[in-house]
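Report on one structure; see the data block that follows.
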Amino acid sequence: MMTAEELRQAQKDIQKETFLCAEECKKEGDFIEPIYDGVYDVEKYLASSPRIMWILKEPYDDFTSEGKPTGGGWAIYDCFTPEKAWKCKTWHRVIYATYGIINHCKYDKNKRDLNMAEVLQQIAYINISKIPAFSQSIDRDIQSKYRIWRLLLIKQISTYNPQILIFGNTFKYFKSDLIGNNTEPQKRIDGVIDIYKKEEKLFLDAYHPQSRLNEELYVNSIIENCINI
């Protein structure tokens, strides 16, 4: 595994590549700078056991008067301070699940300490697309965006070298590249989550954190399949 200094520099290099890729894939109209992703605190991430990465679809920021996505030019993990994190519903289940994995405890709906959100500072977080988009994603669009960002995404996973990868309805795009399309899950909880393992890495094919799945079921299905690896 890289040292903190090496990983910090690698993240800077990835951000430069992200900007260049965004320039190359822009369509007609104004250029939208990407929303960068990765690790908030390199030292905390490297010290985490296990190292956890969440992989979601695409970020969103602001919209023009015509209703088109705009904004960008900031890092998604800027929102990983406790005050900001609890304001975004997407992060709630990410916080609960990550906190449970790290602290070996199940979901408790009555426990919502502001500082629980600090666990986000220990994870790696990436989106398939780095360009501000609409708040709802369409599968066929994400598939095409995966093809655009594929090489950079694989590089991010290799660079951060997580031990647990949690996919928020995104595993189907990565499966062929990471474990092969014909690989069967080691464990399947029907209608909830599929679990794969390869080379000491755990791959969790889960729903998006904003899915309609019961929150306790969603969070505990992730925690219970991670704390005993």
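The values are calculated or read from the model by the stated rules, or taken from the named source; none is laboratory data. Only a predicted model underlies this, so the values are computations on that prediction, with no experimental measurement involved. Positions of Cβ are backbone-derived with ideal geometry, glycine not excepted, and every protein chain shown enters the neighbour counts.
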Within the stretch 198-214, of all residues that are surrounded by fewer than 16 Cβ atoms within 10 Å (Cβ to Cβ) and over 18 Å from the mean Cα position of the chain (by Cα), the one nearest to LYS111 (Cα to Cα) is ASN214
(1) surrounded by 14 or more Cβ atoms within 10 Å (Cβ to Cβ); (2) closer than 19 Å to LYS109 by Cα; (3) not acidic (Asp, Glu) all hold for GLN163 apart from (2)
Has the stretch 173-184 got at least one residue that is farther than 16 Å from LEU204 by Cβ and in contact (Cβ under 8 Å) with a residue 24 or more places away in the chain? yes
- [ ] Look at LYS145 and say whether it is at pLDDT 90 or above, closer than 20 Å to ILE14 by Cβ and either of a type outside the set (Phe, Trp, Tyr) or surrounded by 14 or more Cβ atoms within 10 Å (Cβ to Cβ) (or both).
- [x] yes
### Query
Taking PRO162, is it of a type outside the set (S, T, N, Q) and over 30 Å from THR3 (Cα atoms)?
no
| query | Does the stretch 92-109 contain at least one residue that is of a type in the set (Phe, Trp, Tyr) and either closer than 30 Å to CYS25 by Cα or surrounded by fewer than 17 Cβ atoms within 10 Å (Cβ to Cβ) (or both)? | reply | no
